[in-house]
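FYI, it's all coordinate maths here, none of it is from the lab. Just so it is clear, the structure is predicted and the values come from calculations on it, not from any experiment. Here Cβ is always computed from backbone atoms with ideal geometry, including for glycine, and neighbour counts include all displayed protein chains.
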Amino acid sequence: MHERIARFNRILKIREDSRRNEQAILAAERSEERAVIAHITQLEGEKAQAISDFSRPGSSAVSVSDLWFQRQFIDAINTDISRGNDSLAEVRSRIAGTEARLVERHKDVKIMETYIDRLKEADFQEQLGIEQNELDDVATMQYSRKGEI
């Protein structure tokens with residue numbers, strides 16, 4: 001029984017390692033998500049500033065080419081924001097997949113822990129039974145010796 005418990009403990013350790021790996025992957029993905037959100041926020045701030053600069057009437061004459069370049073700059077920022085949102089959606093999709101795998105790993109670990117606990121309890125009960133039989137044998141031998149005297 002002890003060998004069986006040891007074997008399942010090794011399996012449990014492997015499953016716990018797998019769960020820890022998924023937790024590390026999830027932490028990295030969450031960090032990546034925060035970085036993407038920060039980048040998008042920065043781009044939105046730049047866009048707001050660019051729109052403000054574009055709509056502000058200048059004190060000097062502004063050429064058409066300056067307006068065109070400002071508008072191109074705003075469009076480039078919009079494109080970057082769009083790419084950032086796509087990247088954010090992709091990261092969140094990976095996070096959802098990792099969370100699902102992590103839940104499965106956690107269930108596997110809990111199942112294995114429960115099974116090992118049951119094996120340990122069965123082993124404990126078996127040991128108690130063996131000890132009780134030994135005590136009964138000793139008591140029977142002592143009782144039979146008293147009858148001989």
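Using C-alpha pairs below 8 Å separated by at least 6 residues, the relative contact order for the chain is 44 percent. Note on LYS13: lysines with a C-alpha under 23 Å away, same-chain residues under 8 apart excluded, are LYS107, LYS110, LYS120.
Once the Cα-Cα distance is subtracted from the 0.36 nm per residue extended length, the ILE51 to ARG10 segment shows a gain of 8.6 nm. Other residues with beta-carbon under 14 Å from the beta-carbon of ALA38 carry, at +1 per Lys or Arg and -1 per Asp or Glu, a net charge of -3.
Stretch ALA89-ALA28 to full length: gain in nm at 0.36 nm per residue minus the Cα-Cα span? Don't skip to the answer; put the middle values down first.
Numbers: separation 61, 0.36 × 61 = 21.96 nm, distance 1.56 nm.
Extra length available between ALA89 and ALA28 comes to 20.4 nm.
Helix 64-148 versus the longest principal axis of the chain: what angle, 0 to 90°, nearest 10, using Cα atoms? So the helix axis and the longest Cα principal axis differ by about 10 degrees.
Work out how much length LYS146 to ILE111 would gain on full extension: take 0.36 nm times their residue separation and subtract the Cα-Cα distance, in nm to one decimal. Can you show the working numbers first?
Numbers: separation 35, 0.36 × 35 = 12.60 nm, distance 5.23 nm.
This chain segment gains 7.4 nm when fully extended.
What is the percent of Cα-Cα separations in the chain that go past 21 Å? Walk me through the intermediate numbers first.
Details: 7751 of 11026 pairs.
Of the Cα pairs, 70 percent sit more than 21 Å apart.
Between the helical axis of 2-55 and the longest alpha-carbon principal axis of the chain there is an angle of about 10 degrees.
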